[in-house]
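Derivation of every value follows stated rules applied to the coordinates shown; laboratory data play no part. Predicted, not measured: the structure shown is a model, and the values here were computed from it. Cβ placement follows ideal geometry from the backbone for every residue including glycine, while neighbour counts extend to all protein chains displayed.
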Amino acid sequence: MKKRLRTRKKHYAKKVGMPPGTPIYIGDADIAKLDNPKISKIAYNATELIECELSAETLASFKPDKDKRLWLNVHGVHDAALIKQIGELFKLHPLVVEDILNTEQRPKIDEYEDYIFLETRNFYYEKDSMQASSEQISLVLGHNFLLTFQERSTGAFEPVRERLRANHAHTRGQGVDYLAYALLDSVVDGYFKVLEDVSNDSEELEDRLLSKPSNIELHNIHQLKHVSIELRRAVWPLREVINSLTRNEKAFFQPSTVPYLRDVYDHTVSFIESLESIRDSLSGMMDIYMASVSQRVNLELRALTVVAMLFMPATLIAGIFGMNFNWMPWIDDKNGFWWALGIMGSIALIMILIFWRRQWLSSKS
């Protein structure tokens, strides 16, 4: 049986009784034991890029460059004091800071006067255990800055960083709204990688079910169904989040970026349709498993029935000749015993021939 992944330990009880906007980390307790969060800063324009690491001390005197676009990324949101400090620096609402620290949020979007706050999830699939793990990603998009918050350093945004470092003209020349689109597109592309792995495992599982179903396959069906539920729970509201971004009611996105957002929206719709197909397939696998088990039980019962029927005539004859009468046929005949065995064997052979012609002796019928 596949091993089960460790369950994330959360501390919801710490929020009980606290006023709204209280910055308290709610998430994986083991992540809270990691080292200090890492803050990376990328300031860029069409011709220049500056990349460096920041600390909590340098944040106190941090001032954005007015002639450059700013991308500030935080790996690790378990330090509530640091997240609160960043919130104060960029004048974020206390509820936004609270949502960043609560890593069990569903994808959503909140629009404020000077920025947009949205949350989504990034998924990783474990083929050995057939389970998916995820991390929350929070984005704050202002008119000239982008803040991103990740639970851990996973490399999910590294392809976008490489495009910036390589002086990719389109990425460098656009504003931070295009950068936010590129990050969302990277997250959605990661969903399709997970979907492909789940689909491959689903097809292999279906082949094994048709050949030789077992309790292991039943366990794997439940694992994949759980993964599909988790993916749907994340992508379904994300579709509405991106649809809201395409409306661009507060003009945080340039008109040239909106078509790209529509493309991401189309990807989420396509993903949901493909995911629903896999969910239907998994439901069908459960029916296949139950039918296969029922068929196997029927074959075993039929085999036992055939054996019992073969011995029934012999039992009848032995019972008749075992009756305590003073006179019975073949009692005094020295060949009577062999005559009785011959009759028993002949009846058994005739019944085997009948069963064979009716294909009751075949395991595939």
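Numerical summary
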read-out	value
Cα centroid of the stretch 213-257 to Cα centroid of the stretch 40-91, whole Å	29 Å
Residue (of Phe253, Val235, Tyr265) at the positive-pole extreme of the stretch 227-273, dipole from beta-carbon charges	Phe253
Per-peptide average of other Cβ atoms within 10 Å, ordering 71-80, 127-136 highest first	71-80, 127-136
Kirkwood Rh, angstrom, the stretch 64-169 [1 / mean 1/r, Cα pairs]	15.0 Å
Charge dipole (the stretch 271-360, unit charges on Cβ, about Cα centre) - positive-most of Ile352, Trp330, Leu316	Trp330
For Met286, net neighbour charge (Lys/Arg +1, Asp/Glu -1) across residues whose Cβ lies under 13 Å away	-2
Within the chain, helix-based [θ] at 222 nm, where runs of 4 or more DSSP H residues each add -39,500 (n - 2.57), nearest 500	-18000 deg cm²/dmol
Principal axes of the stretch 292-357: Cα extent on each, largest first, Å	55, 24, 12
Rounded to whole Å, sorted largest first: equivalent-ellipsoid semi-axes of the chain, Cα gyration tensor	72, 22, 16
Two-decimal ratio, the stretch 155-199, of alpha-carbon radius of gyration to 2.2 N^0.38 Å	1.30
Sparsely packed trypsin sites (Lys or Arg not before Pro) within the stretch 63-115, loop by DSSP, other Cβ within 10 Å at most 13	Lys66, Lys91
C-alpha long axis of helix 336-357 to longest principal axis of the chain, angle in °	40 degrees
Estimated dipole of the stretch 141-290 in Debye, rounded to 20 [Cβ of Lys and Arg +1, of Asp and Glu -1, Cα centre]	700 debye
Gaussian network model of the chain, springs between alpha carbon atoms under 10 Å - residue of Leu139, Leu89, Leu164 with greatest fluctuation	Leu89
Crossing angle, helix 215-247 versus the chain [Cα axis fit, 0-90 degrees, rounded to tens]	30 degrees
Ranked packing of 186-195, 49-58, most packed first, by mean Cβ within 10 Å	186-195, 49-58
Alpha carbon centroid spacing (whole Å) that separates the stretch 119-148 from the stretch 260-306	28 Å
Protection proxy ranking of 276-287, 113-124 - average other beta-carbon atoms within 10 Å, highest first	113-124, 276-287
About the Cα centre, charge dipole magnitude for the stretch 14-291 (Lys/Arg +1, Asp/Glu -1 at Cβ), debye	720 debye
Ile352/Ser214 FRET efficiency (R0 22 Å; Cβ-Cβ; nearest 0.05)	0.10
